[in-house]
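Please treat every number below as a calculation from the coordinates, not as lab data. A quick note: this is a predicted structure, and the numbers were derived from the prediction, not measured. Virtual Cβ from ideal backbone geometry, glycine too; neighbours counted across all protein chains shown.
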Amino acid sequence: MKNSTNIKDTFNPYKLNQIVLFIFNFVILTLVMAGCAYHRGLPKRALPGGFTKIAIPIFSNLTQEPTIEVPFTQALIAELEKSKIAQLTDPRFAEVIALGKIKSVEYLPSGRREGGGLPLGAVLASEYRIVLTMELSLKKVSDQTIVWSSVFQGERTYIAPQVTQPVVNTVNANYNHSARRLNIETLSKQMVAEAYSQMTEGF
């Protein structure tokens, strides 16, 4: 009976509530501080000048490759919608206009393939490098000044058509065209993502 009485006397509901409350507050404070540290670690994104209304017309295409401006334009719109730092609007109501320009695209052969059923002395490229140059600028509507501009270059490699392979060969013109278009579309997303990141960083 004596031991039972001592345990009952030692137990204090008020102190227990204080301990539980302290632990709860400690956990909440830790989570808040962790969230603040995370947000401090993220770079603040905004358009140069802090503008919030932007128009994105179709990119200019200075190359001989038709319609490749479309995936570049779509990629920039997708980046803007994902970041939500500005409103996409008509040029009549925009504060700034994004001017994209595809300046050049090159298909450079690399690797060498000889023999294997080829005519004597014939040499074929085993792969091609697509090298593409793009310029992105931001023009202020009110005074037509360029508030930001940069040039970007990207490249990808694809397997060249091969004479000795029935599926991938020089008589299959569709393969070469499809390979180029697919790699250019991939390049458009990569290059525009890099350009958008640089354009919105530190403003």
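Once the C-beta distance of ARG129 and ILE97 is scaled by a Förster radius of 35 Å, the resulting FRET efficiency is 0.60 to the nearest 0.05.
Ranked by how many other Cβ atoms sit within 10 Å of their own Cβ, fewest first, the residues ARG156, ARG181 fall in the order ARG181, ARG156.
The calculated FRET efficiency for the pair THR52 and ILE28, based on their C-beta separation and a Förster distance of 30 Å, comes to about 0.30.
Distance cut-off 21 Å, Cα to Cα: go down the list LYS82/LYS189; LYS44/LYS101; LYS101/LYS139; LYS101/LYS140 and report the pairs above it. Walk me through the numbers before you get to the answer.
On the way: LYS82/LYS189 13 Å; LYS44/LYS101 26 Å; LYS101/LYS139 13 Å; LYS101/LYS140 17 Å.
Over 21 Å apart, Cα to Cα: LYS44/LYS101.
With the simple model of a label 7 Å out from the Cα in the direction of the Cβ, GLN64 to HIS177 spans 1.6 nm.
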